[in-house]
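Structure record follows, encoded as structure tokens.
The values are calculated or read from the model by the stated rules, or taken from the named source; none is laboratory data. All figures in this text were calculated on a predicted structure; none of them were measured in a lab. In this analysis, Cβ positions are derived from the backbone assuming ideal geometry, glycine residues included, and neighbour counts consider all displayed protein chains. Each accessible area value is taken on the protein alone, full model and side chains, heavy atoms only, with ligands, DNA and RNA left out. Shrake-Rupley method; radii C 1.70, N 1.55, O 1.52, S 1.80 Å.
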Amino acid sequence: MSKAKNNMRIVIAGGGKVGIALMRHLSAEGHDVVVIDKNKDVLEHKLASYDVMTVSGNSATIGTLREANIEQTDILITVTSDDAINILSCLTAKRLNPKLHTIARIRNPEYIEQLYLMRDVFGLSLIINPERDTAREIYRLIQFPEFLKHETFARGRVEIVELRLREGGTLDGKRLMDLPKLLGKIKVLVCVVVRDGKAFIPTGTTTLMAGDNIYVTAPVTVLTDFLKKVGVAKRKIKNVMLLGGSRVGYYLSSILANTDIHVKIIENNRDRCLELYERLPKASIIHGDASLPQVLESEGMSEMDAVVTLTGLDEQNVITSMHAASSGVPYVVTKINRLEVTGMLENMPIGSVVSPKELCSANVVRYVRGVQNQTGSANTLHKIANGRAEALEFTITDQVLNRNTPLRDISLKKNILLACILRNGRVYIPDGNSTFNTGDTVIIVTTREEPILKFNDIFA
């Protein structure tokens, strides 16, 4: 991946899985990255092969921060395992460098509300909570269980959804140029196809095949009609089983408590069960081993509308999700911690895959890009197709080239697709006659390795 323009100096406090994922991504985009960790083994072994500076020490201390040259740093990201250290690191660093942007990972539910109220006091530019973000993502998936994933743009008016094509389905064997005739007045755009582990932006001559994972851009209001037209029945989720009473399970249950969906949680730790029982009065809490098929069957797993596997072991989550799918559960969601394995699971019957670390990394990168290019930068960035593609939302300004020019007369770089235009509250799926103008919101999709930092970067 090529170096980013206007690269920044970024300090990451915490050399765990999230810290390393962020380090890889941000250094690949051309930023100067420094990693702080108090564990010398982490710095010497996990980070030795990367071209990044490392500092051994406690990121909450002035000495360590100064050794990392915090006064000359643009962004501090604190992702240690200790919430208090993350908060104190940002507070201390902000005193040393008032212009510093600070991002803190806070995971304890008891801290969240007061921290949002006191963000300015603690010097926090952004608070990230991977578990809460994952719970919100799962809730969104449950609302539309027909889709494996979906990302929201333009303040909820547009979505990019992932759908797996089944053999003999309405779209199996269809060329994209023939979809308008098939769908009639329903306007959607297939913006990415994943086939045999490779993602590509299709053309009108691309023929869809069973087994493809397709990413469809559409206004939220037409998604239900699209599903009906392609022969996918809308499912109503009423009963959900959560396997594992982790923080994700707690956050998700708290969200579902305000709906008509009933939640059953199976958790192996008795003390955690008692804690969840007190905090989640509307949920059914079961003390049991979710890895045992007899426990799952005795608790009625096969009768559930959805099963979400949330244990701390990826292998157990995958195996249990496969068991749930084979037992006839209509919708399955699998939590995966290790980013590197998500692409290997695409053809396995484990339903939708969510990764707290992937969501966390994407949120941070989105913020960093916004800081990096304040003018003309992306409003929203989402990784799709397991990180093989990006979807970005831009607001068109007077500095953007080719305004009011038909798309057929504009030359875009290879592997870039203009997917959607939002104008005066209306959503348009573009064609060759479409134009974009000042004030419009435009969504592009790219499979290029080079980051798209400004809208003008899309032009050839």
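General observations
- With protein chains left intact and a 1.4 Å probe, residues in the chain average 45 Å² of accessible area per residue.
- Which label in (1) 22.9, 67; (2) 23.3, 75; (3) 25.0, 97 gives the computed Rg and Dmax of the Cα atoms in Å: (1)
- Loop-located trypsin sites (Lys or Arg not before Pro) in segment 137-224 (DSSP state not H, G, I, E or B) with no more than 11 neighbouring Cβ atoms inside 10 Å: LYS185.
- Across segment 359-365, rounded Karplus estimates of 3J(HN,Hα) from the backbone phi angles (6.51 cos²θ - 1.76 cosθ + 1.60, θ = phi - 60°) give 5, 4, 4, 5, 5, 5, 4 Hz, Gly and Pro being marked x.
- Summed over qualifying helices (DSSP H, 4 residues or more, each -39500 (n - 2.57)) and divided by its residue number, the chain shows a 222 nm mean residue ellipticity of -8000 deg cm²/dmol.
- Straight-line cross-link partners of LYS414 among the aspartates and glutamates, defined as a Cα under 18 Å from its Cα and at least 8 positions apart when in the same chain: GLU390, ASP431, GLU449, GLU450, ASP457.
- Computed in the context of the full set of protein chains, the accessible area of segment 168-213 at 1.4 Å probe radius has 56% of its extent on carbon or sulfur.
- Here's the picture: charge each Lys and Arg Cβ at +1 and each Asp and Glu Cβ at -1 in segment 39-148, and of THR92, ILE138, MET53 the one pushed furthest to the positive end of that dipole is THR92.
- Three-way shape call for segment 230-365 based on the alpha-carbon gyration tensor, with the a/c threshold at 1.5: rounded
- Ratio of Rg to Rh over segment 18-121 (Cα coordinates, Kirkwood Rh, two decimals): 0.96
- In this simple spin-label model, placing a label point 7 Å from the Cα along the Cα-to-Cβ direction at both ARG279 and LEU412 gives a separation of 4.4 nm.
- Protection proxy ranking of 79-88, 322-331 - average other beta-carbon atoms within 10 Å, highest first: 79-88, 322-331
- When both segment 21-60 and segment 409-458 are represented by their alpha-carbon centers, they are found 35 Å apart.
- Cβ-placed point charges (K, R +1; D, E -1), dipole of segment 75-127 about Cα centre in debye, nearest 20: 280
- Fraction of accessible area attributable to carbon and sulfur, segment 1-73 (%, probe 1.4 Å): 46
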